[in-house]
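**Q** Supplied in C-alpha cells, the structure appears directly below.
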Amino acid sequence: MNHSIFMYILVSFLTSYCIRVLPLTLIRKPITNRFSKSFLYYVPYVTLAVMTFPAMVQATDSQIAGIASLCVGIVLVYFDQGLPVVACACCMTVFLLEFFFV
Amino acid sequence: MNKKEFTQGFKDGIPIGLGYFAVSFALGIAMKNAGLNWIDGFFMSLCNLASAGEYAGTQVILASGSYFEMILMTLIANARYMLMSCSLSQKLSPETKTVHRLCIGYAITDELFALAISRKDYLNPLYFYGAMAASVLPWAIGTSCGIILGNILPSIIVSALSVALYGMFLAIIIPPSKKNHTILFIVLISFISSYLCTILPGIRSLSSGTRIILLTVIIASIASIVKPVKEEDL
C-alpha cells in the first residue's frame, strides 16, 4: 500500500484530537465519587512532577547546568516568583553555566 | 473582563511559546530526516500539538509504517492527554458550551494544561484562548524552521531554552506543595519514582509517554486511597 504524508498527518490528527476532546465533552457534571475526585485532583501534580524530573536535568548539554537550573527554579518559586521569571531564570542559569564553565 | 482574561492568558502563554519554538525546532530536524518538507511539518505540528506524539508519528513515517501503527503510536504517546482531559473537565464550569470544549480540547498539552489547572476557580475559556494564541503558532512555525534551518541555531541556545518548560512546571507544582503537605509528599515520591524508572532495567526501555501514564495512574491511585481529598481542599 502506498502511504501519503497527508494521510499520515490526518490519521495522527484524528487520533490525538479524539483523545483530548472526548473526556472534555462527555464529562459535563462535577464528579461526586470521592476516589475519582481525589484521583483527578492528584493527577496534575503527579504528571507534572514525573515529567520534570529527571527530564529537566537530562535536557541540557551539561547535567550540572540542568541540576543548577532545577535548584534555581525551586528556590525562586519558593520565594513566590511568578511563572515567567522562573522560566527565564532557569534558561539563563543554563546559558551562563554552559557559556562560562563547560 | 473577558478581554483581561485573554490578555492575561496571552502573557502567561509567552514563555510557553518560546519554549515550544525551541522544542519544535528540534522536532523539525527529526522530521526533515523522515522526508517531511516545511509545509508537512507545519501542519503535522498544528494538527497534533504534541512533542512525543509527533516524534513517535515521525518514526512511523520514516519506517513507512501502516496507518494502524500511526494510530497506535499516537494513542500511546498521547494517552496522558486523556487523563488531563478528564481532569480538566472538572475545571470547566458545567455550563461551558460544547464549542468551547471542542476548542479547549484541541490544545490540551502538558504546558497549557498546567497553566489551566493553576487558575483559581473555573477556567475561563478566554484565558485559555489567550495562552493558545501565544503558543500554538510558535510551535508550528518552530517545526518549519527546524526543517528549513536544520542545525544552524547554536546548541548552547537550544540547550538553555530546553529548560524553560520545566521551570514552568516547577512554578506550578511547588506553590501548592508549600501549603499542602500531601502534595509535597506526592511530588517528592513522583520525582524519585520517575528517576528510578529511568534506570531500572525493563521499565527504562518503555517510552517516556508510557512511563508517565503508568506512574501517574499508580501514584495518584495510591494517594487517593491513602489520603482522599477533603471537600475544603477542592
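**Q** Test A:F79 against the stated conditions and say whether it is aromatic (F, W, Y) and more than 7 Å from every other protein chain (Cβ to nearest Cβ).
**A** In short, yes.
**Q** Within segment B:208-217, can you find the residues that are open to solvent by 50 Å² or more (accessible area, probe 1.4 Å) and either within 9 Å of another protein chain (Cβ to nearest Cβ) or under 13 Å from A:A49 (Cα atoms) (or both)? Break it down into steps so the answer makes sense when it comes.
**A** Residues of segment B:208-217 open to solvent by 50 Å² or more (accessible area, probe 1.4 Å): B:208, B:214, B:217.
Passing the criteria: B:S208, B:V217.
**Q** Looking at A:I31, A:I74, A:I5, which is the one that is under 22 Å from B:R119 (Cα atoms) and more than 22 Å from the chain's Cα centre (by Cα)?
**A** A:I31
**Q** Out of segment B:139-157, which residues are open to solvent by less than 50 Å² (accessible area, probe 1.4 Å) and either within 12 Å of B:L27 (Cα to Cα) or away from chain A (no Cβ under 11 Å) (or both)?
**A** Hits for segment B:139-157 are B:W139, B:A140, B:G142, B:T143, B:S144, B:C145, B:G146, B:I147, B:G150.
**Q** Only one of these conditions is not met by B:V136: (1) closer than 19 Å to A:L24 by Cβ; (2) within 8 Å of another protein chain (Cβ to nearest Cβ). Which number is it?
**A** Unmet for B:V136, out of (1) closer than 19 Å to A:L24 by Cβ; (2) within 8 Å of another protein chain (Cβ to nearest Cβ): (2).
**Q** Are any of the residues in segment B:3-16 open to solvent by 30 Å² or more (accessible area, probe 1.4 Å) and more than 19 Å from B:F128 (Cβ to Cβ)?
**A** no
**Q** Test each condition in (1) under 28 Å from B:F43 (Cα atoms); (2) part of a helix (DSSP H, G or I) for A:H3 and report the one that comes out false.
**A** Against the list (1) under 28 Å from B:F43 (Cα atoms); (2) part of a helix (DSSP H, G or I), A:H3 comes up short only on (2).
**Q** If you don't mind, another one. Among the residues of segment A:32-52, how many are open to solvent by 50 Å² or more (accessible area, probe 1.4 Å) and more than 7 Å from chain B (Cβ to nearest Cβ)?
**A** The number of residues fulfilling the criteria is 2.
**Q** Something else about it: Of the residues in segment B:32-50, how many are crowded, with 22+ Cβ neighbours inside 10 Å and either touching a Leu at 6+ places or on another chain (Cβ under 9 Å) or more than 26 Å from A:T15 (Cα to Cα) (or both)?
**A** 4
**Q** How many of the residues making up segment B:62-89 are without any contact (Cβ under 8 Å) to a residue 60 or more places away in the chain and crowded, with 21+ Cβ neighbours inside 10 Å?
**A** Adding up the residues that qualify gives 9.
Residue-by-condition table, conditions (1) more than 7 Å from chain B (Cβ to nearest Cβ); (2) buried (at least 18 other Cβ atoms within 10 Å of the Cβ); (3) in a loop (DSSP other than H, G, I, E, B):
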position: A:I9; (1), (2), (3): no, yes, no
position: A:L14; (1), (2), (3): yes, no, no
position: A:P23; (1), (2), (3): no, yes, no
position: A:P30; (1), (2), (3): no, no, yes
position: A:V57; (1), (2), (3): yes, yes, no
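**Q** Can you name the helices (runs of 4 or more DSSP H) wholly within segment B:1-117 that have at least 1 residues being facing another protein chain (nearest Cβ under 9 Å) and modelled with pLDDT of 90 or more?
**A** B:2-33, B:38-48, B:67-89, B:98-106, B:110-117
**Q** Separate question: Could you tell me which residue of segment B:51-61 is nearest to B:I141 (Cα to Cα), considering only residues that are within 14 Å of the chain's Cα centre (by Cα) and open to solvent by 30 Å² or more (accessible area, probe 1.4 Å)?
**A** Ranking the candidates gives B:S51 first.
**Q** Taking segment A:82-102 as the region of interest, how many residues are facing another protein chain (nearest Cβ under 8 Å), open to solvent by 60 Å² or more (accessible area, probe 1.4 Å) and of a type in the set (A, V, I, L, M)?
**A** 1
**Q** Part of a helix (DSSP H, G or I), in contact (Cβ under 8 Å) with a residue 40 or more places away in the chain and within 23 Å of B:M82 (Cβ to Cβ) - does that describe any residue in segment B:192-208?
**A** yes
**Q** If the Cβ limit is 9 Å and pairs must be 6+ apart or interchain, which residue in segment B:108-127 that is at negative phi pairs with which residue that is part of a loop (DSSP other than H, G, I, E, B) and among the polar types (S, T, N, Q)?
**A** Pairs that qualify, where the first residue is at negative phi and the partner is part of a loop (DSSP other than H, G, I, E, B) and among the polar types (S, T, N, Q), are B:Y122/B:S93; B:Y122/B:T96; B:L123/B:S93; B:L123/B:T96; B:N124/B:S93; B:P125/B:T96.
**Q** Another question, if that's okay. How many of the residues in segment B:178-207 are surrounded by 22 or more Cβ atoms within 10 Å (Cβ to Cβ) and hydroxyl-bearing (S, T, Y)?
**A** Matching residues across segment B:178-207 total 2.
The values are calculated or read from the model by the stated rules, or taken from the named source; none is laboratory data. If you're wondering where the values come from, they're calculated on a predicted model, not measured in any experiment. Methodologically, a virtual Cβ is constructed for each residue, glycine included, from the backbone with ideal geometry; neighbour enumeration extends over all protein chains shown. Heads up: the accessible areas ignore ligands, DNA and RNA and are worked out on the full protein's heavy atoms, side chains in. Shrake-Rupley method; radii C 1.70, N 1.55, O 1.52, S 1.80 Å.
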